[in-house]
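Undergrad: The structure is given below, and queries will be raised subsequently.
The values are calculated or read from the model by the stated rules, or taken from the named source; none is laboratory data. Small disclaimer: the values here were computed from a predicted structure and weren't measured. A quick note on method: Cβ atoms are made from the backbone with ideal geometry, for glycine too, and the neighbour counts reach across all protein chains shown. Side chains are part of the model used for accessible areas, which takes the heavy atoms of the whole protein and leaves out ligands, DNA and RNA. Shrake-Rupley method; radii C 1.70, N 1.55, O 1.52, S 1.80 Å.
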Amino acid sequence: MIAVDRNKCIYCGGCVGICPVNAMTLEETIITINDSCIDCNLCVKFCPVGALEGSK
Amino acid sequence: MIDCLIVGAGPAGSVMAKEMASRGFETLVVEKRQEIGAPKRCAEGITLRGLKYIGIDIHPLGISGRIKGAMLYAPSGKKVVMEGDEMEGYVLERKVFEKDLAAKAIKAGARYMVKTQAIGMERENGAWKVRVRGMDGEMEIKTRLVVGADGVESKVGKWAGLKTVNRITDYHSGIQFEMAGVNADEKYIHLFFGRDVAPLGYAWIFPKAFSANVGLGILEKAAKMKAYDYLKKFIEEHEEFFKNAQPIEINGGGVPVAHFTRMVADGVMLVGDAAQLVNPIHGGGIARAMHSSVMAAEVAEKALKKGELSEDILIEYERKWDEEYGEKTRKLMKLRAFLEKLEDKDFETLADILEGEDIYSLTQAKMTFFLKKLITKPSLLSLAKKYLMD
């Protein structure tokens, strides 16, 4: 599962556009990640500010 | 049942709304943000030529800077200036510009719901039932046509079964500061290249009325650190621009610099970033987004009047798009593949042999002259032949 550092996240939603399983959603200023996350960590690689952290 | 539900009130969504409402169709726009236009995810540049071509008028309040050209900086700092009618443009104030577009759509008869997020949709009796959630709770909207103008995050495309997911190899990781106190020639946009500046992308300074949009986009595969770190480094290393500058806003975003996705499904059309309609070389997408909506509306009008909204009918929009932009986009994707192979020293060589107008020609996907220019640079020429020839 992906952890979001809310101090770093600038809620740009860029990670949502790269999630291959549509597990992410941007709601106003909050990134939500549902159970379909496959821990591919593409969003972690993409994030412009390093706000996302993978579990692996 | 309404005729047209548009998800997303960016430039693509609001131009679509105006086009549809002014044709007399019952049109509703849902925008998940509580404010249209903010936060921006964009360098805010657009050329006058692009605007004129698609016939969009901008309210003067939406224009924050007037530009007569671009200055390109090779890694060593060597400058190439691009000027001329084709280069003239605006730096927009997106927060105002997008409200202006929404106001024009509302004047034409469109309805808007802000702070209202589309959360799912299903097909029912040849129409779409779209669930939305807003301040007054959840509701269902029945519509004959759904337009996905929901940007890089597009859910509409995914719900309709289209493969709109971006690939990390073709998706810029972008970050930007709006800065006050920047000391840069305000008649130009400034673009900076180099592996250590913005790997496989570029850094920019776009001057505005009392600030500048300063940012960069990179591709992850060549990056040694995060986009944010590259931007801090860029600002630190350029005292000549940023000595007294301070950020007054921070934004980020993903930029789809390749077009793969289909643009229509039964009762569904995608416009703008949702359909990955961005220039693969410079990453500009406002003009393309608005143009896609103009094209989509022409096809949607015919389809709605006929009462036939199947993929087979709506595909005419995709064909129109491809006719106008397909070949150019494919060529520019090749040019991007070529540029991705270049080392910093190659950029210096290009800065030596290319004039501003040559670079403009390249961005217009003209390649033959470029190969001729490289004739005295055998290593670059062979690379160019490999990537740019069919």
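Undergrad: Take the residues in segment A:37-56 that are over 18 Å from residue B:172 (Cβ atoms) and open to solvent by less than 50 Å² (accessible area, probe 1.4 Å), then tell me which one is nearest to the other protein chains (Cβ to nearest Cβ).
TA: Here the residue is A:41.
Undergrad: Can you tell me which residue is farthest from residue B:208 (Cα to Cα) among those in segment B:96-127 that are touching a helix residue (DSSP H, G or I) at 6+ places or on another chain (Cβ under 9 Å) and among the charged types (D, E, K, R)?
TA: B:122
Undergrad: What's the number of the only condition in (1) among the β-branched types (Val, Ile, Thr); (2) part of a helix (DSSP H, G or I); (3) in contact with a helix residue (DSSP H, G or I) (Cβ under 7 Å, 6 or more places away or on another chain) that residue B:278 fails to meet?
TA: (2)
Undergrad: Only one of B:165, B:130 is open to solvent by 20 Å² or more (accessible area, probe 1.4 Å), in contact with a helix residue (DSSP H, G or I) (Cβ under 9 Å, 6 or more places away or on another chain) and among the β-branched types (Val, Ile, Thr). Can you tell me which?
TA: Answer to the selection: B:165.
Undergrad: Quick one: count up the residues across segment B:147-188 that are in contact with a Phe, Trp or Tyr (Cβ under 9 Å, 6 or more places away or on another chain), over 21 Å from residue A:25 (Cβ atoms) and not charged (D, E, K, R).
TA: Selection size over segment B:147-188: 8.
Undergrad: Return only the number of the condition from (1) of a type in the set (Val, Ile, Thr); (2) out of contact with any helix residue (DSSP H, G or I) (no Cβ under 7 Å at 6 or more places or on another chain); (3) not in a helix (DSSP H, G or I) that residue B:315 does not satisfy.
TA: (3)
Undergrad: May I pose another question? How do the helices (runs of 4 or more DSSP H) wholly within segment B:153-253 filter down when requiring 2 or more residues that are touching a residue at least 60 places away in the same chain (Cβ under 8 Å) and within 13 Å of chain A (Cβ to nearest Cβ): which remain?
TA: Here the list reads B:156-159.
Undergrad: Filter segment B:294-312 down to the residues that are outside any helix (DSSP H, G or I) and surrounded by 15 or more Cβ atoms within 10 Å (Cβ to Cβ) and list them by number.
TA: Result: B:309, single match.
Undergrad: Quick one: would you say residue B:146 is within 28 Å of residue B:42 (Cα to Cα) and assigned by TED's automatic domain parsing to the domain that holds residue B:275?
TA: yes
Undergrad: Would you point out the residue of segment B:133-148, among those that are within 14 Å of another protein chain (Cβ to nearest Cβ) and open to solvent by 70 Å² or more (accessible area, probe 1.4 Å), that is nearest to residue B:297 (Cα to Cα)?
TA: So, considering only residues that are within 14 Å of another protein chain (Cβ to nearest Cβ) and open to solvent by 70 Å² or more (accessible area, probe 1.4 Å), the one nearest to residue B:297 (Cα to Cα) is B:133.
Undergrad: Out of the residues in segment A:1-17 meeting the condition of being without any contact (Cβ under 8 Å) to a residue 40 or more places away in the chain and under 9 Å from the mean Cα position of the chain (by Cα), tell me which one is farthest from the other protein chains (Cβ to nearest Cβ).
TA: A:15
Undergrad: A further question on this structure: From the list B:368, B:329, pick out the single residue that is of a type outside the set (A, V, I, L, M) and open to solvent by less than 50 Å² (accessible area, probe 1.4 Å).
TA: Testing whether each residue is of a type outside the set (A, V, I, L, M) and open to solvent by less than 50 Å² (accessible area, probe 1.4 Å) leaves just B:329.
Undergrad: In segment A:18-36, which residue that is open to solvent by 10 Å² or more (accessible area, probe 1.4 Å) and aliphatic (A, V, I, L, M) is farthest from the other protein chains (Cβ to nearest Cβ)?
TA: Only one residue tops the list, namely A:33.
Undergrad: For segment B:182-206, which residues satisfy the criterion of being touching a helix residue (DSSP H, G or I) at 6+ places or on another chain (Cβ under 8 Å) and either of a type in the set (Phe, Trp, Tyr) or surrounded by fewer than 19 Cβ atoms within 10 Å (Cβ to Cβ) (or both)?
TA: B:183, B:192, B:193, B:195, B:196
Undergrad: Could I ask something else about it? Checking residue B:284 against (1) buried (at least 17 other Cβ atoms within 10 Å of the Cβ); (2) over 15 Å from residue B:144 (Cβ atoms); (3) at pLDDT 95 or above: exactly one of these is not met. Which one?
TA: (3)
Undergrad: Of these, B:251, B:244, which one is buried (at least 19 other Cβ atoms within 10 Å of the Cβ), at negative phi and not acidic (Asp, Glu)?
TA: Every option except B:251 fails the conditions.
Undergrad: Something else now. So residue B:261 passes all but one of these: (1) within 13 Å of chain A (Cβ to nearest Cβ); (2) in a helix (DSSP H, G or I); (3) of a type in the set (Ser, Thr, Tyr). Which condition number does it fail?
TA: Here residue B:261 clears every test but (2).
Undergrad: List every residue pair whose Cβ atoms sit under 6 Å apart, with the two residues 6 or more apart in sequence or on different chains, where the first one lies in segment B:28-55 and is touching a residue at least 24 places away in the same chain (Cβ under 8 Å) and the second, anywhere, is open to solvent by 50 Å² or more (accessible area, probe 1.4 Å) and part of a loop (DSSP other than H, G, I, E, B).
TA: B:31/B:114; B:34/B:114; B:34/B:115; B:48/B:88
Undergrad: Scan segment B:87-132 residue by residue and report those that are closer than 30 Å to residue B:186 by Cα and within 14 Å of another protein chain (Cβ to nearest Cβ).
TA: Selection gives B:94 alone.
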